[in-house]
Amino acid sequence: MLRSLILARGIHTSSANWSSSKAQLLKLRKKTGYPFESCKKALQLNDNSLEKSEVWLKEEAQRLGWAKANKLANRATAQGVIAFAIDNQKEVATMVEVNCETDFVARNKCFHSVVEIVTSSCLDFAKQQKALENSFSKVNLKSGDLMELSGAEGKSLADHVAVTIGNLGENVTLRRATCLNTRDTGLNIMGLTHPSNTTGSQFLSGKYGSLLIYRKQQDSEKINQRSMESSHDEILRQMCQHVIGMNPKSVGVLNIHEPIKSQEVVPDKKFNENDDSSMDSIDEKNSDSTIEEDGMLEQAFLLDPSITVGQVATDYGIDVLDFVRYECGET
């Protein structure tokens, strides 16, 4: 009878311990996102302590991540995303390019998490910069500069990237970033990505991205009635869209009286690509026509080719100071 009682008590204790361990395992898995086997091993090695197990898992992931990162370092990373963030006052902004090997990973939640960390760190870096007198601060960061920046939990971005590589099994690189600060200058920043996808709670990402630095004109007499038809933010986003689509090389010169330049360089719809004579006629047209300028303000507006970007800016009381354009994987 006594033996049966002890045996029953032992079974009950074992069952209670298993229930407790299972609960801890589920908590650790939910909190860290690591595989069940790794969480189970962490709890076994750390006396079922959640805190110690979490620390152990992160250290192990870091170690394995760096080993994997070193192994995959020479793999090409032609895919990835462009992401940007702007503060609430539209005075501080950053745009980053984070690359990976495949488009599949570029859509992965784990990859987007590290993109969010990188973007957040670059925005913090941009906030620390001081705008120049009567101008703005623009800092371009290369891969090595980015890897040294501090990210979440006080770890370097290099450490965060290493963990991501360990989790994904694919090479990940930080290619570049641009940090802008226009505080106390009267200038503001607008941004856009294409296609536009939410990366985190406040960041947008896509394959293309642009940031526009601008000033709103205060003299209402200079602003055309057309500015009442659309909000400034809508027009500014359209200008960012123009930068992405038309790829201007500079801001250019504002000349609202200049007519739209000839665009006869576009071949006729009946063009036969196998007909050499049709190629000759196109070359003749190109040589006789005026090639569109690379300056943004002189270009025909992407959404209304009958007017220039400069005319749009004048109509809506916008002074364009500078822009940044990123294309994922561009050389």
Go through segment 202-213 and count every residue that is at pLDDT 95 or above and open to solvent by less than 40 Å² (accessible area, probe 1.4 Å).
-> 5
The residue that is nearest to Leu211 (Cα to Cα), considering only those in segment 135-155 that are surrounded by 13 or more Cβ atoms within 10 Å (Cβ to Cβ) and basic (Lys, Arg), is Lys138
Residue satisfying all of: in segment 103-114; open to solvent by 50 Å² or more (accessible area, probe 1.4 Å) and in contact (Cβ under 8 Å) with a residue 24 or more places away in the chain; nearest to Asp184 (Cα to Cα) among these = Ser113
Identify all residues within segment 23-57 that are part of a helix (DSSP H, G or I) and in contact (Cβ under 8 Å) with a residue 24 or more places away in the chain; write none if there are none.
-> Gln24, Leu28, Thr32, Leu50, Ser53, Glu54, Leu57
Kindly indicate whether any position in segment 58-67 is at pLDDT below 95 and more than 17 Å from Leu168 (Cβ to Cβ).
-> yes
If you take the residues of segment 176-194 that are part of a strand (DSSP E or B) and among the polar types (S, T, N, Q), which of them is farthest from Val81 (Cα to Cα)?
-> Asn188
Determine which single condition Gly252 fails, assuming it passes every other condition in (1) over 23 Å from Phe84 (Cα atoms); (2) at pLDDT 90 or above; (3) not in a loop (DSSP other than H, G, I, E, B); (4) not aromatic (Phe, Trp, Tyr).
-> (3)
Name the residues in segment 31-61 that are within 19 Å of Gly166 (Cβ to Cβ) and either in contact with a strand residue (DSSP E or B) (Cβ under 8 Å, 6 or more places away or on another chain) or open to solvent by less than 30 Å² (accessible area, probe 1.4 Å) (or both), would you?
-> Cys39, Ala42, Ser53, Leu57, Ala61
Search segment 293-320 for residues being of a type in the set (A, V, I, L, M) and open to solvent by 30 Å² or more (accessible area, probe 1.4 Å), and hand back the single one that is farthest from Val251 (Cα to Cα).
-> Leu303
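The values are calculated or read from the model by the stated rules, or taken from the named source; none is laboratory data. What you see is a predicted model; the values in this text were computed from it and never measured. We place every Cβ from the backbone using ideal geometry, glycine too, and count neighbours over all the protein chains shown. Ligands, DNA and RNA are stripped out before the accessible areas are found, and what is left, the full protein with its side chains, is counted by its heavy atoms. Shrake-Rupley method; radii C 1.70, N 1.55, O 1.52, S 1.80 Å.
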